[in-house]
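Quick notes on the structure that follows.
What follows draws every value from the coordinates through simple rules; no lab data is involved. Quick caveat, the model's predicted, so the values are computed rather than measured. Ideal geometry is used to build each Cβ from the backbone, glycine not excepted, and the neighbour counts take in all protein chains shown.
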Amino acid sequence: MRFRVTPYHGNLLGDHERLAAFREAISSRARGLTYDLGAGSGILSFFASEYADRVIAIERDPKIAACAGENLSGLDNVSVVNEDALHYEFTAADTIICEMLDTALIDEEQVPVLRRALRFLRDDGTVIPQAVFNAAEPVTVNFENIMYDENLSQPSSGPMRVYDRVEFRGDLPEIFRGSLKLQASSPFNAIRIISFTLTAPGIICGPTPMMNPPLIIPLGETGDKGEVEIKLSYRMGGGLDSVEASII
Ligand SMILES: C[S@@+](CC[C@H](N)C(=O)[O-])C[C@H]1O[C@@H](n2cnc3c(N)ncnc32)[C@H](O)[C@@H]1O
């Protein structure tokens, strides 16, 4: 099957590791009335149509929503809606698929959208993905702005530590605020955040070419080697401007 897409959504389709992790989760968990939020080209709705009674694909961008409408037109149990999921009037859902992931859930609306949609999820309903784990490691950089580091080009100065687990089925906090203790083998001046996605129990995928690129956050000063405590906060869905990080 050939999908009509924008260049960005074409790249998402080419990320087979991401698609495999979602496809497996959808095949084992999607059922009943399923919403696909941020449906893009409609690929996850396409997977879900095999297992769910009915799929409603919601996409805000009119250009890709039109492509999804065309891509899924042959499937009787799928409808595409060009609307912002933050304003959509949901009905009781059995499954919610939402792939608006971004590293540590900072730069896309995964959390605000799910906070709204979860009010309509049945008690025994399922969210795909299930959770995200966020980890951090000390690094040394020669720049001062927050930047994605897809290729892990900056050497790490110590081991990675998971500092947060966000369960999409539970109470979703809007803000992360916490302190993390990192062990550094040499002085460092930034942290690199790496997010791992649990699409369903037992199916975990790390950053993939198009999902959750590692994010470097400069700290504005240099931390010594040994154990160093970092204060970190951001608003989930609040964008990179909401990030604050410093050495305690
Ligand atoms: C990372 S892409 C994923 C697309 C598709 N689910 C896939 O797996 O290929 C996220 C999509 O969510 C859409 N989106 C972002 N915020 C949205 C919102 N509030 N309501 C509906 N769609 C939204 C974007 O336009 C984009 O197409």
Inset, instruction - Filter the stretch 1-22 for residues that are under 16 Å from the mean Cα position of the chain (by Cα) and either buried (at least 19 other Cβ atoms within 10 Å of the Cβ) or among the aliphatic types (A, V, I, L, M) (or both) and give the result. - result: His9, Leu12, Leu13, Arg18, Leu19, Ala20, Ala21, Phe22
Legend entry - Restricting the stretch 72-110 to residues that are of a type in the set (A, V, I, L, M, F, W, C) and within 11 Å of the ligand (Cβ to nearest atom), the residue that is surrounded by the fewest Cβ atoms within 10 Å (Cβ to Cβ): Leu86
Legend entry - Qualifying positions in the stretch 131-154 - under 23 Å from Tyr35 (Cα atoms) and surrounded by fewer than 20 Cβ atoms within 10 Å (Cβ to Cβ): Ala131
Legend entry - All positions within the stretch 179-216 that are assigned to a loop (DSSP other than H, G, I, E, B) and in contact (Cβ under 8 Å) with a residue 12 or more places away in the chain: Ser185, Ser186, Pro187, Pro201, Gly206, Pro207, Pro209, Met210, Asn212, Pro213, Pro214
Legend entry - strands (runs of 3 or more DSSP E) lying entirely in the stretch 20-127 (those with 1 or more residues that are under 25 Å from Ser195 (Cα atoms)): 33-37, 54-59, 93-98
